[in-house]
1. Residue under question is Gly202, and the condition is that it be more than 29 Å from Thr153 (Cα to Cα), assigned to a loop (DSSP other than H, G, I, E, B) and either under 18 Å from the mean Cα position of the chain (by Cα) or not acidic (Asp, Glu) (or both); does it hold?
2. Determine the pairs where a residue that is farther than 23 Å from Glu37 by Cα, located within segment 156-177, has a partner that is loosely packed, with under 15 Cβ neighbours inside 10 Å with Cβ atoms under 6 Å apart, the partner being 6 or more residues away or on another chain.
3. Among Leu54, Leu50, Leu40, which is surrounded by 22 or more Cβ atoms within 10 Å (Cβ to Cβ), of a type outside the set (Ser, Thr, Tyr) and more than 16 Å from the ligand (Cβ to nearest atom)?
4. Evaluate the following for Leu238: is it closer than 20 Å to Gly35 by Cα and either touching a Gly at 6+ places or on another chain (Cβ under 9 Å) or without any contact (Cβ under 8 Å) to a residue 60 or more places away in the chain (or both)?
5. Taking into account only those residues within segment 183-210 that are of a type in the set (Gly, Ala, Ser) and in contact (Cβ under 8 Å) with a residue 40 or more places away in the chain, which is farthest from the ligand (Cβ to nearest atom)?
6. Could you say which residue among Ala180, Ala249, Ala236 is within 14 Å of the ligand (Cβ to nearest atom) and either at positive phi or outside any loop (DSSP other than H, G, I, E, B) (or both)?
7. Keeping to segment 212-233, report how many residues are within 11 Å of the ligand (Cβ to nearest atom) and either free of Cβ contacts under 8 Å to residues at least 12 places away in the same chain or β-branched (Val, Ile, Thr) (or both).
8. Can you go through Arg136, Arg193 and tell me which one is surrounded by 15 or more Cβ atoms within 10 Å (Cβ to Cβ) and over 17 Å from the mean Cα position of the chain (by Cα)?
Amino acid sequence: MTDTARRQIVAANWKMHGSLDMIQGYVGHLQPVEGVELVLFPPATHLAPLVSALDAVEARVAVGAQDVHDKEAGAYTGEVAATMVADLGGRWAIVGHSERRRYAAESDELVAAKVVAAFRAGLQPVLCVGETLEERQAGDAEAVVARQLSCVTNALSAEAIRRLVVAYEPVWAIGTGHSATLAQVETMHSAIRRVLNDAVDGEFAATVLYGGSVNEKNAIELFSSSLVDGALVGGAALAGERFMTIARAMHEAGRAAG
Ligand code: PGA
């Protein structure tokens, strides 16, 4: 497999947290990290003020939405279109986060349509996949993740599949303080790359992040693995200095050369 397509990314998913005050404090901590793309996912309401605050300090940090609707416009009260995110200066979108799959009952098919909508609007989607504890205990973890991925790859061109960024987020590791073990992460990241590679002609290695209780300590071990291209961080990324510590750990893992 070639490494040409792989990127290094550390991203913060603020979930339903944040305020204008928090933004002001947060951006003061941000600094570029060589070789590592930094992305912040605030609530949709705070996307525009965050973009302005980042511009004001000339931070080279990208911003994205935590979700997008699959339609471009229409009578969908309360929803946000991918084009609107792009309009505000957003460049990324999380799609298929397990909290959306669970609390908003998003199906694999809807997630696939949202990935298509994100690409159509020029956003970089981060597709979240991951099994529940019951699915892992039943020995179905890889099959569940393969199903989640295939539903999306079936809806995409080969070129789009190559541009996809995937975050493996086991549901049981999110917000629990119990990160997956490195062995579990490596096994699943390899499986994810196989599924994506099988969906296109030719060899390529997808960019695959890990998410689920990542913090300053476990990030060092996670990023030491050549199979881990970065992280999608929730709780530990709600403070700018903690986010930066994790981002620097990615750089310090010394993987810039691939
Ligand atoms: P966590 O969340 O880091 O708080 O576990 C990660 C995520 O849900 O993306």
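1. No; evaluated as a whole, the condition is false for this residue.
2. Hits for this filter: Trp172/Leu133.
3. The unique qualifying residue is Leu50.
4. no
5. By that ranking, first place goes to Ala199.
6. Ala236
7. Of the residues in segment 212-233, the ones within 11 Å of the ligand (Cβ to nearest atom) are 212-215, 218-219, 231-233.
Pick out the ones that are also either free of Cβ contacts under 8 Å to residues at least 12 places away in the same chain or β-branched (Val, Ile, Thr) (or both) and you get 214, 233.
Counting residues in segment 212-233 that are within 11 Å of the ligand (Cβ to nearest atom) and either free of Cβ contacts under 8 Å to residues at least 12 places away in the same chain or β-branched (Val, Ile, Thr) (or both) gives 2.
8. That would be Arg136, the only listed residue that is surrounded by 15 or more Cβ atoms within 10 Å (Cβ to Cβ) and over 17 Å from the mean Cα position of the chain (by Cα).
The numbers here are math on the coordinates, done by the rules we state, and not lab data. Quick caveat, the model's predicted, so the values are computed rather than measured. A quick note on method: Cβ atoms are made from the backbone with ideal geometry, for glycine too, and the neighbour counts reach across all protein chains shown.
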